Amino acid sequence: MINNKILGFLGLCAKSGKICFGADSVEQEIKKKKVKLVVIADDSSERTKIKFQTLCDSYDIPIVITCKIEDISKAIGKNNKAIIGIKEENIAKQIEKINYGGESIGEN
C-alpha cells in the first residue's frame, strides 16, 4: 500500500518532468543542488546504495530506499531505473512522509 502511493507520486513527478533518473544523471543533479529527494530501489546493489547514501549525506539530501527496480521503472515509464532524483520539493516531502509512516495529501 505504501509502495503504491510512492509509485503514484513518482509517476506524477515523471509526468511533470520534475525527476532525473539513472546514476550519472542523478549524481549530476545532486551536485547542482537541484535534487530534493533520492529514491533508490531496495533491490539495487549495495555499492549503489552506499555511494548514494554518502553523496546524499554530503549534500544534506534525504534518501528513501523502497520498491523494486521493475516497479519504479514502470511508474516513471522507463526501463531498468534503480535511482530517481525528485526535483519537486512538495512531492519529495510527501514521499518522505509516506515512507516514514505519515499521511499524504487528502487523508484524514
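On the given criteria, is F21 modelled with pLDDT of 95 or more, crowded, with 19+ Cβ neighbours inside 10 Å and of a type in the set (F, W, Y)? So F21 fits the description; yes. When N108 is tested against (1) at pLDDT below 95; (2) more than 14 Å from K5 (Cα to Cα); (3) touching a Cys at 6+ places or on another chain (Cβ under 7 Å), just one condition goes unmet, and that condition is (3).
Take the stretch 2-13 and flag every residue that is within 11 Å of the chain's Cα centre (by Cα) and either among the aliphatic types (A, V, I, L, M) or not in a helix (DSSP H, G or I) (or both). Those that are within 11 Å of the chain's Cα centre (by Cα) and either among the aliphatic types (A, V, I, L, M) or not in a helix (DSSP H, G or I) (or both): I6, L7, L10. Every condition in (1) modelled with pLDDT under 95; (2) under 17 Å from K97 (Cβ atoms) is met by P62 except one, and the failing one is (1).
The values are calculated or read from the model by the stated rules, or taken from the named source; none is laboratory data. Please read all numbers here as calculations on a predicted model, not as lab measurements. FYI the Cβ positions are ideal-geometry reconstructions off the backbone, even for glycines, and counts take in every protein chain you see.
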